[in-house]
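The values are calculated or read from the model by the stated rules, or taken from the named source; none is laboratory data. None of these values were measured; they are calculated from a predicted model. Neighbour counts are summed over all protein chains in view; Cβ atoms, including those assigned to glycine, are modelled from backbone coordinates with ideal geometry. The area values use the complete protein model at the heavy-atom level, side chains included, leaving out ligands, DNA and RNA. Shrake-Rupley method; radii C 1.70, N 1.55, O 1.52, S 1.80 Å.
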Amino acid sequence: MQIGKTIQGAMNDQIHKEMESAYLYLGMSAYFSGTNHPGAAAWMRAQAREEIGHAMKFTDFVEDRGGSVVLRALAAPPATFASPLAAFEAAAEHEAVVSASINALFELAAKEKDYATQALLQWFITEQVEEEKTSRQIVDTLRTIGTNTSGLYMFDRELGRRGQAG
Ligand code: FEO
């Protein structure tokens, strides 16, 4: 069944949000590079790549269902943050917004009786649980570390391991 116009529009909005996420995380990566946190910078790079992957998943889906992908301009993301904690707090808040958007998309797909879209969105709903959990955990750890510089140094190294993996 070809994709309906309403779902197609919402999917295009979601592609935009995922690319905005990639841009946000790439900006955060630059912030961490510039403040000598190479581990967090690598982590954010990996996150940006993941977000591009999400945008691609939605793009493929729209195309596979005979729809049209319409790309829009991206706004500049923030270039600086008050602290590493503030950056990860912004990331965690952003993931909560993305989850709400995925949930709204699922509701729309249910209303439209678009089962293929619901199946795709199941994957994203599960992915968002993971993304929200990970960012919340990092925020909690950074709150615990506070201004302890050796703690921050060690944690940055730990974050760098994810950057290498992904
Ligand atoms: Fe694609 Fe982090 O949501």
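Kindly evaluate Lys113 against the criterion of being among the basic types (Lys, Arg), within 13 Å of the ligand (Cβ to nearest atom) and either open to solvent by less than 50 Å² (accessible area, probe 1.4 Å) or without any contact (Cβ under 8 Å) to a residue 12 or more places away in the chain (or both). So Lys113 fails the test. Mind listing just one residue for me: the one in region 58-79 that is within 16 Å of the ligand (Cβ to nearest atom) and closer than 23 Å to Glu93 by Cβ and, of those, least open to solvent (accessible area, probe 1.4 Å)? That would be Phe58.
In contact with a Gly (Cβ under 8 Å, 6 or more places away or on another chain) and not charged (D, E, K, R): which single residue out of Ala73, Ala92, Ala104, Ala79 fits that description?
Going through Ala73, Ala92, Ala104, Ala79 in turn, just one is in contact with a Gly (Cβ under 8 Å, 6 or more places away or on another chain) and not charged (D, E, K, R): Ala79.
Of all the criteria given as (1) open to solvent by 90 Å² or more (accessible area, probe 1.4 Å); (2) in a helix (DSSP H, G or I), the one not satisfied by Leu152 is (1). Just one of (1) within 13 Å of the ligand (Cβ to nearest atom); (2) touching a residue at least 24 places away in the same chain (Cβ under 8 Å); (3) over 11 Å from the mean Cα position of the chain (by Cα); (4) open to solvent by 20 Å² or more (accessible area, probe 1.4 Å) fails for Leu24. It is (3). Number of residues in region 75-85 that are without any contact (Cβ under 8 Å) to a residue 60 or more places away in the chain and assigned to a helix (DSSP H, G or I): the value is 1. Of the numbered criteria (1) within 16 Å of the ligand (Cβ to nearest atom); (2) open to solvent by 10 Å² or more (accessible area, probe 1.4 Å); (3) without any contact (Cβ under 8 Å) to a residue 24 or more places away in the chain, the one Ser29 fails is (2).
Candidates are the residues of region 80-96 that are open to solvent by 80 Å² or more (accessible area, probe 1.4 Å) and away from the ligand (no atom under 14 Å from the Cβ); the one that is farthest from Gly34 (Cα to Cα) is Ala82. Just one residue in the set Phe155, Phe88, Phe106, Phe124 is without any contact (Cβ under 8 Å) to a residue 24 or more places away in the chain, touching a helix residue (DSSP H, G or I) at 6+ places or on another chain (Cβ under 7 Å) and aromatic (Phe, Trp, Tyr); that residue is Phe106.
A count restricted to region 97-110 and to residues that are closer than 19 Å to Asp60 by Cβ and more than 11 Å from the ligand (Cβ to nearest atom) stands at 3.
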